[in-house]
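Below you'll find the structure, written out as structure tokens, and then a few comments.
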């Protein structure tokens, strides 16, 4: 019955009808997997295992750009989106100064 609704009703309404909750909550999954999480934490401490990964910002940025993704804020947005237009403006100013000075010096 739950799946019959398809997209005819908002998913939050269907969730509320099924569970009595209007928000998704992962606490039941965390509780279920807590013994595994505790074991992993203790085992990693016992063996001195490094947990996590080494961060190479350039590699991550290159991977994100290669995938055609856009990242806003933080490390990847240190350069303004207006940078190309600023460069174009500077180029136009330099060209106009060159042509103006050439015209002034040629007369």
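The values are calculated or read from the model by the stated rules, or taken from the named source; none is laboratory data. The shown structure was predicted, so the numbers you read here are calculated from the model rather than taken from an experiment. Cβ placement follows ideal geometry from the backbone for every residue including glycine, while neighbour counts extend to all protein chains displayed.
Condition first: assigned to a helix (DSSP H, G or I) and surrounded by 10 or more Cβ atoms within 10 Å (Cβ to Cβ). Now tell me which residues in the range 3-30 satisfy that. Those that are assigned to a helix (DSSP H, G or I) and surrounded by 10 or more Cβ atoms within 10 Å (Cβ to Cβ): 5, 11, 12, 13, 14, 15, 16, 17, 18, 19, 30.
Annotation: residue 49 fulfils all but one of (1) modelled with pLDDT of 85 or more; (2) surrounded by 11 or more Cβ atoms within 10 Å (Cβ to Cβ); (3) part of a loop (DSSP other than H, G, I, E, B); the unmet one is (2).
Matching residues to (1) loosely packed, with under 10 Cβ neighbours inside 10 Å; (2) more than 26 Å from the chain's Cα centre (by Cα); (3) assigned to a loop (DSSP other than H, G, I, E, B); (4) at pLDDT 85 or above:
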{"residue": "35", "(1), (2), (3), (4)": "yes, yes, no, yes"}
{"residue": "58", "(1), (2), (3), (4)": "yes, no, no, no"}
{"residue": "64", "(1), (2), (3), (4)": "no, no, no, no"}
{"residue": "72", "(1), (2), (3), (4)": "yes, no, yes, no"}
{"residue": "92", "(1), (2), (3), (4)": "no, yes, no, no"}
